[in-house]
Amino acid sequence: MNNQNQLYDIGVIGLGVMGKNLALNIADNQYKVAAFDLDEHKVQDTVQQEERERKQYLKQVTEPRILGCNNLSEMLSKLEKPRVLLLSVPAGAPVDGVCKSLIEAGIESDDIVIDTGNSLWTDTVEREQRYNKDFLFFSCAVSGGEVGARFGPSLMPSGSLTAWNRIEPIWQAIAAKVDAKTGLPIERFEPGNPVIEGEPCTTYIGPAGSGHYVKMVHNGIEYADMQLICEAYQLLNQGLGLSPAEVGDVFERWNQGSLNSYLMEISADVLKQADPLTGAPLVEMILDKAGQKGTGLWTAVSSLQIGCPAPTIAEAVYARAISTQKGQRQQLSQLLSGPNEMLKLSDPQAFIDQLENALYCAKVSCYAQGFQLMAMQAKEQAWQLDFAEIAKIWRAGCIIRATFLQSITQAYQQDSKLENLLMAESFAKGLSDKQNDWRIAVSTAVMGGIPAPCISSALAYYDSYRSATLPASLLQGQRDYFGAHTFERTDKPVGEKYHLNWSSDRSLNKV
Ligand code: 3PG
């Protein structure tokens with residue numbers, strides 16, 4: 001490969017944590033990579049890491065698998081045509097900055113540029129149109145963080161099918177893999193030794209923007225799932241007086257059952273970690289102000305915009321927001337009264353079991369919200385989303401990977417038109433059986449003064465959907481009263497509007 005005329009299979013632009021690891025993952029799968037970053041130290045770091053790993057794990061390979069480039073023109077000259085370029089740069093202006101530089105550097109119209117960042121899906125739709133004269137703009141949302149990028153992420157590609165057909169073999173090679181029989185991830189975290197067997201966690205999602213939309217909802221579900229686990233922690237820690245490590249033990253046990261997930265596993269690990277500085281539980285030394293990069297917020301905004309109920313996802317974003325108000329929380333903790341003592345429970349172990357069931361139900365509810373949101377947006381955009389495939393590619397590699405996704409896959413395989421996951425027989429039964437424990441967990445939290453916004457809102461979603469009648473009738477009456485906004489009647493055809501003359505003779509008029 002030291003041959004000057006050697007051409008490379010793919011260019012990776014942006015060698016931060018994700019870009020560097022994707023480049024190494026691609027190289028491990030026998031594709032030759034040309035790599036570039038504006039920061040030359042990152043280029044050197046990537047090239048050096050490839051060399052270290054090659055020498056340690058791939059003794060028979062003598063030639064470098066990654067070429068460090070000094071600029072984009074050099075990179076373009078080193079790539080096999082038509083070229084494939086993967087962008088791993090921050091969402092927003094940097095994506096357009098690189099696209100512009102690529103045009104200046106001489107990119108050609110049949111070259112493919114793949115945005116793998118966390119871009120806003122509407123930006124992706126717009127970019128495909130903006131750049132289509134200059135090159136094929138394609139997008140692929142990536143989940144799995146640093147380790148996923150390195151050893152197998154979940155990949156959500158969307159856009160031009162021509163582009164997809166060309167990159168699909170690389171994508172299938174680098175994606176996380178699932179054992180087809182068990183539906184469980186096949187994990188191997190060793191450089192130079194990628195997982196080649198199993199079902200790859202990538203599938204063509206649909207037209208431009210759909211992949212980023214699906215990833216955005218994945219992140220919204222992730223926000224809710226994380227917050228649910230945090231609420232369970234607070235109930236066990238503050239409510240029952242279990243130490244962080246003891247809650248970690250409970251979570252490890254739960255991780256053996258229906259709550260098995262990557263997020264549950266890492267939460268147990270975090271809770272059992274001692275602070276290297278003080279020896280105290282690390283979680284007690286971490287400031288309780290949550291950060292966010294915005295994808296959960298985008299999901300909540302999108303749900304509000306299209307009128308799709310996703311209250312638990314929105315609550316998770318609000319929970320992060322309220323956590324940042326540390327000063328006000330400290331002040332109000334002295335001012336506002338409420339129960340402060342530990343929960344007085346006759347059988348704490350029974351409560352732990354009830355909380356496990358509550359968490360399972362809340363989790364189903366928040367996944368139902370996420371999938372319903374994707375379905376409603378797909379209808380608006382005329383995307384043909386395959387939800388069984390989407391659940392399948394989330395079974396490994398991504399942050400919300402969980403055994404539970406196998407059941408979601410099966411639910412959509414049985415009925416691809418399923419309107420709401422709560423309607424799937426298996427989930428409807430599971431929730432009906434466990435819902436009483438969910439209510440006990442919510443009421444215990446409420447009576448104990450422990451906030452559990454996600455566990456509670458997930459239950460309100462469930463109860464709202466099992467209510468054939470809601471008080472929206474009164475709400476329509478209120479709207480008609482003050483704004484003459486009209487209402488439909490239960491005994492007349494849908495679409496027929498009525499108004500009552502509230503301020504005069506109270507006669508009813510068909511409008
Ligand atoms: C990521 O994109 O890194 C995470 O999936 C979400 O990040 P956040 O919690 O910082 O928003």
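The values are calculated or read from the model by the stated rules, or taken from the named source; none is laboratory data. On a predicted model such as this, the values are computed, not experimentally measured, just so you know. Glycine also receives a Cβ, built like all others from the backbone with ideal geometry; neighbour counts cover every protein chain displayed. We work out accessible area using only protein heavy atoms, side chains counted, and drop any ligands, DNA or RNA first. Shrake-Rupley method; radii C 1.70, N 1.55, O 1.52, S 1.80 Å.
Limited to region 66-115, what total is found for residues that are within 16 Å of the ligand (Cβ to nearest atom) and either farther than 20 Å from Ser210 by Cα or without any contact (Cβ under 8 Å) to a residue 12 or more places away in the chain (or both)?
1
hydroxyl-bearing (Ser, Thr, Tyr), over 32 Å from the mean Cα position of the chain (by Cα), open to solvent by 20 Å² or more (accessible area, probe 1.4 Å) and more than 21 Å from Glu146 (Cβ to Cβ): is that true of Ser101 in this structure?
In short, no.
Quick one: which residue in Ser258, Ser210, Ser243 is under 30 Å from Leu343 (Cβ atoms), touching a Ser or Thr at 6+ places or on another chain (Cβ under 9 Å) and away from the ligand (no atom under 16 Å from the Cβ)?
Result: Ser258 is the single residue among Ser258, Ser210, Ser243 that is under 30 Å from Leu343 (Cβ atoms), touching a Ser or Thr at 6+ places or on another chain (Cβ under 9 Å) and away from the ligand (no atom under 16 Å from the Cβ).
Is it the case, given these coordinates, that Ile107 is in contact with a strand residue (DSSP E or B) (Cβ under 8 Å, 6 or more places away or on another chain) and open to solvent by less than 10 Å² (accessible area, probe 1.4 Å)?
no
Hand me the list of strands (runs of 3 or more DSSP E) wholly inside region 1-92 holding 1 or more residues that are in contact with a Gly (Cβ under 7 Å, 6 or more places away or on another chain).
Per the criteria, 10-13, 33-36, 84-87.
Suppose we keep only residues that are over 17 Å from the mean Cα position of the chain (by Cα) and within 16 Å of the ligand (Cβ to nearest atom) within region 116-148. Which one would you say is surrounded by the most Cβ atoms within 10 Å (Cβ to Cβ)?
Top of the filtered list is Thr124.
If you scan region 307-338, which residues turn out to be farther than 18 Å from Tyr367 by Cβ, more than 16 Å from the ligand (Cβ to nearest atom) and assigned to a helix (DSSP H, G or I)?
Lys326, Gly327, Gln328, Arg329, Gln330, Gln331, Leu332, Ser333, Gln334, Leu335
Of the conditions (1) modelled with pLDDT of 95 or more; (2) loosely packed, with under 15 Cβ neighbours inside 10 Å; (3) over 20 Å from Ile399 (Cα atoms); (4) away from the ligand (no atom under 16 Å from the Cβ), Pro281 satisfies every one except a single condition; which number is it?
(2)
Testing Thr202 on (1) hydroxyl-bearing (Ser, Thr, Tyr); (2) within 16 Å of the ligand (Cβ to nearest atom); (3) touching a Pro at 6+ places or on another chain (Cβ under 7 Å), one condition comes back false. Which one is that?
(2)
So the check is Cβ under 9 Å with 6+ separation or different chains; which pairs have a first residue in region 169-192 that's of a type outside the set (Asp, Glu) and a second one that's surrounded by fewer than 19 Cβ atoms within 10 Å (Cβ to Cβ) and part of a strand (DSSP E or B)?
The qualifying pairs are Ala176/Ile186; Lys177/Ile186; Val178/Ile186.
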